[in-house]
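Single-structure report; data block below.
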Ligand code: SF4
């Protein structure tokens, strides 16, 4: 497979992507490249459940966050195994055989096309979770309609210059906000099974950055003002400086108790249906090893 003019994400690079080579922002060829495929227990309880989420970490990323905890695979692209579409379908199958509650596609955008082909080739009997930065185009999301059961987008920022500084994408807010509305249109309200697993719906995540509580509050206010009631929101407090964060002194630390409580208080005030991931999980030990597990 060759993609002549890639426009899968808001970068709209328009470059040719060959099976193993691509010269767009993400630098990825069109064959899916995966760094790890394993059961993961550190997502929200409605995603990980008791048996684990069948998590597939894709190499490369369309965003470029300076603090990315998956920096080794997202930006350095240091680990990854290139797969064919049937091989990707096999990876999904093996996770289901291990008892995964769902197939959780992490940083999938640059491979949205082969992912859709793998899911059409061999539909999976568990929910498909599209775990994305939120930096998505309407066209790519519409191409996924009917294949994805659960969208798990971030809303990282609502202010363009902050999105530009930390993720190299000043247009992130406008794309992510429209993307979340399109995801909600596709999935409708959240539905949980008898074990409390999210089987259909959209859950929005927001990671609190140190020194940026005002931005976090603006994000929560946007969600309050623009989403129908009942949409689950996951507030994440487990930030640890990774990647190039040392070059940005204001975010080169964990968040303080005071920062966390300020944003948590705002979450309560907004009346959003919030889930809070505690500060106690702010350790690098919670970042999975990218060692091609599940791919050898
Ligand atoms: S998926 Fe990659 S090559 Fe395609 S538009 Fe986005 S960054 Fe560019």
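The values are calculated or read from the model by the stated rules, or taken from the named source; none is laboratory data. These numbers come from a predicted model, not from an experiment. Cβ: placed from backbone, ideal geometry, glycine included. Neighbour counts: every protein chain shown.
Some points to look at:
- Selection status of residue 77, surrounded by fewer than 19 Cβ atoms within 10 Å (Cβ to Cβ) and modelled with pLDDT under 95: yes
- Residue 179 in a loop (DSSP other than H, G, I, E, B) and buried (at least 23 other Cβ atoms within 10 Å of the Cβ): no
- The listed residue being out of contact with any strand residue (DSSP E or B) (no Cβ under 9 Å at 6 or more places or on another chain) and within 30 Å of residue 50 (Cα to Cα), out of 164, 146: 146
- Filter pass, residue 122 being touching a residue at least 60 places away in the same chain (Cβ under 8 Å) and more than 17 Å from the chain's Cα centre (by Cα): no
- Flag for residue 152 being buried (at least 19 other Cβ atoms within 10 Å of the Cβ), assigned to a helix (DSSP H, G or I) and in contact with a strand residue (DSSP E or B) (Cβ under 9 Å, 6 or more places away or on another chain): no
- Taken residue by residue, the range 54-77 has at least one member that is over 16 Å from the mean Cα position of the chain (by Cα) and without any contact (Cβ under 8 Å) to a residue 24 or more places away in the chain.
- Counting the residues of the range 3-50 that are within 14 Å of the ligand (Cβ to nearest atom), under 22 Å from residue 152 (Cα atoms) and in a loop (DSSP other than H, G, I, E, B) gives 7.
- The number of residues in the range 98-122 that are assigned to a helix (DSSP H, G or I) and either touching a helix residue (DSSP H, G or I) at 6+ places or on another chain (Cβ under 6 Å) or surrounded by fewer than 24 Cβ atoms within 10 Å (Cβ to Cβ) (or both) comes to 9.
- Number of residues in the range 165-176 that are without any contact (Cβ under 8 Å) to a residue 24 or more places away in the chain and surrounded by 15 or more Cβ atoms within 10 Å (Cβ to Cβ) equals 2.
- Restricting attention to the range 182-200, the residues that are out of contact with any strand residue (DSSP E or B) (no Cβ under 6 Å at 6 or more places or on another chain) and surrounded by 16 or more Cβ atoms within 10 Å (Cβ to Cβ) add up to 3.
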